[in-house]
Structure formats: C-alpha cells, structure tokens
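The values are calculated or read from the model by the stated rules, or taken from the named source; none is laboratory data. Keep in mind it's a predicted model, so treat the numbers as computed, not measured. With ideal geometry, Cβ positions are generated from the backbone for all residues, glycine too; neighbour counts draw on all protein chains shown.
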Amino acid sequence: MSTQFIDFRSDTVTKPTDSMRQAMFEAQVGDDVYGEDPTVTKLEELGASMLNKEAALFVTSGTMGNLLALLSHTQPGDEVILEAEAHIYYYEVGGLGRIGGLIPRLIHTPDGLITPEQLEAVMRPADIHYAAPSLFCLENTHNRAGGRVLPQQEVEEVTACAKSHGLATHLDGARIFNAAEFLGLSVAEVGEPFDSVMFCLSKGLGAPVGSLLVGSEKFIDRARRFRKMLGGGMRQAGVVAAAGITALQEMPEKIRDDHRRARQLGDALSQIDGLSTAAPVETNMVMVEVTHPEWDGERLVNAWRKEGILASTVGPGKIRLVTHHQITDDHIEQIIAVTEELLS
Ligand code: TLP
C-alpha cells in the first residue's frame, strides 16, 4: 500500500535501506537461544555500549521490551506508577495486567512529564491494605503528547524521587534518538537516570524489526528468561539483527532532517484557516487539530487518502503526522499544497 502513498501514519512504516538489506544478506548467524548468534551478540553489545548500560537484549518489538521490563522489575500484584497516556498503558493490550498481574497507578499530565510533587502525592506509607509499588515508568519522547521531549533536569529530579522511595525506574525510550537529538545529548545521557531503557530500531532508525532492552546484567538475565517464556526466543535472528546494527550506525544522523521537516509541516499547516497544531512540534510528530466548521479529522484523513497521502486520527478532531527517512522535502510540499487546496 505505502509504495504508492506518501505515508505519514508512523515512523514504523519505514522499509529497510539498501545497506540494511545488504547487511542482512551477509549476516553471520547461529542459534541465539543457545547464545550462538554472533550478529545478535554484536547488536546487543553495541546497544548496551551506546546506552552505557551493562547488557542488552534483542526483542521482537517495543511492546515486548516494555513488557519484559515490567516483568523483570516487579512481582505479580505490585503497583506500577506511570503516566495516564503512556504507551505501556494505552496501547500495549493490557499486558501489564493480564501477563504481569500488575496494578497501574496513573498520573495525568499535559505533556508526559510527571513531577516529583505528583509522584509524592501517590506514594503511600507501607500498610497491609496497599499493593506494593515497585516500578516507575516514563516515556521519552512521549507519543500521545505529540512526540514531546521530557526535559532532562526534571527527569533527573523525578527519577531521584522514585529511587528514594525504593522504586525501580524504566524508560520507554521507543524514540530515545529523537529525544537525544532535540536535547543535544547522547542517548546514554538521556537513558542515564533509569535502571532500564527500551528503545526501538524499527521506528525512526528504519530497521524492519526489533527493539533493544538495556539495563544491568542481572536484570537482562531475568528478562532473557521471560523473553523465552513469552515465545520471544528467536533462533537465527542475526538476519534481522544485522539491519539493527546498520540502523544504529547509519540512521541517527538522519533524525535531524525528520525534525526539520516536521517543524516545517507544523508551521505551514497551522497557518491554514481551520487547522492548528495541538502540541509544539519538537521531534518527528505533528499533532494537527481540526477546528474548521466543515471539516473534522476523519474527513481530512479520507480526503488526503484520495490524494495519495496517509495519516491517522488519534482522537476526535486530532490527526497525527509522523516524518521519517522516507518522507522527503517534496512530500512535505505536496501535503501542504494539497491541504491548502482542500480547505480553501
Ligand atoms: N507506537 C506505535 C503505535 O503502537 C501507536 C506508533 O505508531 O507510534 N512505546 C512507544 C512510545 C511507542 O510509540 C510504541 C509504538 C511502542 C512503545 C511499541 O513498539 P512496537 O510497535 O514495536 O511494539
């Protein structure tokens, strides 16, 4: 479908680059459940060193990486504290409750950033009546907030607060490379305040499949067992890990262009009568609010589709557009021109 469409639905739609396909073709492989796939091992070592953590685990998806983090940091019946619109809570099929046996304690924020005051307010003294809180999660960039970036200083403060209450800390860093680019920091710095980080190879970095979970050796050993339990032990996974290595080596530098194009798109669309941006454009997402009296989000998405442009609605009157390495300057000009024409 997306070969003839300009696809703004997500950065997950990206296809592997020629150099990824070449690396996949040439990959040395072995049985990774026996720890014998040199390409998977190389990817895990590279991911751990880029995040400055002891160890990494190659997993099928961001959803699996987050779930393994939940399972590995907690015991069934524990409470997990997370933001109310967090991907882990909103889009991960309730795995937290169904598989982890965990209770979510949600904190509402406008932009994904939980403050130490908000965290303090949900912490309760140990009492026979209460589920034990054991894990605190954040998401950076924050998807439903529109790719917003959490400021580093505030992240350090709230994770320090979580640690002072004995909580483990996990970052859903599906788009940590986008956060790092915006903050002008390394991904290791962005992930530093957390015990564990999940980040995706298959979004802005363009790999076809896979994510990495990083943390201490002990944590990753536990996650590896849970991965096997969930059926995520992959055998000659070097074939896909090879694309992940290329993604880590070649793609981070392209993210700056994705952000520039998203800003340009957000600026232009918000100048059209009847449209505005629902959130500041900080990374590769543009959240568009449709305020035009004759249009709503669904109508605009359907009209774009007829013009060969794909986007998704993410709420009433709200559309999400995502830039990635397959979106060019021409595509940005096309969607702007088409939208001006439609709403004129
Ligand atoms: N997000 C997808 C959809 O699930 C909404 C997208 O198109 O943005 N954490 C965050 C912050 C994510 O945005 C996603 C994917 C995941 C985790 C899960 O990754 P996958 O899709 O690999 O399971």
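Contact list please: Cβ distance under 6 Å, first residue in the range 133-151 and farther than 29 Å from residue 77 by Cα, second residue within 10 Å of the ligand (Cβ to nearest atom) and outside any loop (DSSP other than H, G, I, E, B), pairs at least six apart or on different chains.
Qualifying pairs under 6 Å: 146/285; 147/285; 148/142.
In the range 193-222, which residues are over 17 Å from residue 176 (Cβ atoms) and either within 13 Å of the ligand (Cβ to nearest atom) or modelled with pLDDT under 95 (or both)?
208, 209
Of all residues in the range 188-201, which are surrounded by 24 or more Cβ atoms within 10 Å (Cβ to Cβ) and of a type outside the set (Phe, Trp, Tyr)?
Scanning the range 188-201 gives 190, 191, 196, 197, 198, 200, 201.
Being of a type in the set (Gly, Ala, Ser) and either more than 23 Å from the chain's Cα centre (by Cα) or outside the structural domain of residue 191 (by TED's automatic domain parsing) (or both) is the filter here; which residues of the range 24-80 pass it?
27, 30, 35, 77
So which residues in the range 1-20 are away from the ligand (no atom under 16 Å from the Cβ), assigned to a loop (DSSP other than H, G, I, E, B) and exposed (fewer than 15 other Cβ atoms within 10 Å of the Cβ)?
Within the range 1-20, 3, 4 qualify.
Looking at this structure, is residue 314 touching a His at 6+ places or on another chain (Cβ under 9 Å), under 15 Å from residue 146 (Cβ atoms) and not in a helix (DSSP H, G or I)?
no
Rundown of residues vs (1) within 30 Å of residue 185 (Cβ to Cβ); (2) surrounded by 16 or more Cβ atoms within 10 Å (Cβ to Cβ), yes/no style:
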position: 282; (1), (2): yes, yes
position: 295; (1), (2): no, yes
position: 327; (1), (2): yes, yes
position: 333; (1), (2): no, no
position: 337; (1), (2): no, no
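Quick one: which strands (runs of 3 or more DSSP E) lie wholly within the range 21-133 and hold at least 3 residues that are within 16 Å of the ligand (Cβ to nearest atom) and surrounded by 14 or more Cβ atoms within 10 Å (Cβ to Cβ)?
55-59, 79-83
Go through the residues of the range 158-168 one by one and say whether even a single one is within 16 Å of the ligand (Cβ to nearest atom), closer than 25 Å to residue 51 by Cβ and either among the aromatic types (Phe, Trp, Tyr) or crowded, with 17+ Cβ neighbours inside 10 Å (or both).
Scanning the range 158-168, I find no residue that is within 16 Å of the ligand (Cβ to nearest atom), closer than 25 Å to residue 51 by Cβ and either among the aromatic types (Phe, Trp, Tyr) or crowded, with 17+ Cβ neighbours inside 10 Å (or both), so the answer is no.
What number of residues within the range 223-263 satisfy the criterion of being surrounded by fewer than 17 Cβ atoms within 10 Å (Cβ to Cβ) and farther than 30 Å from residue 328 by Cβ?
Final tally of qualifying residues: 7.
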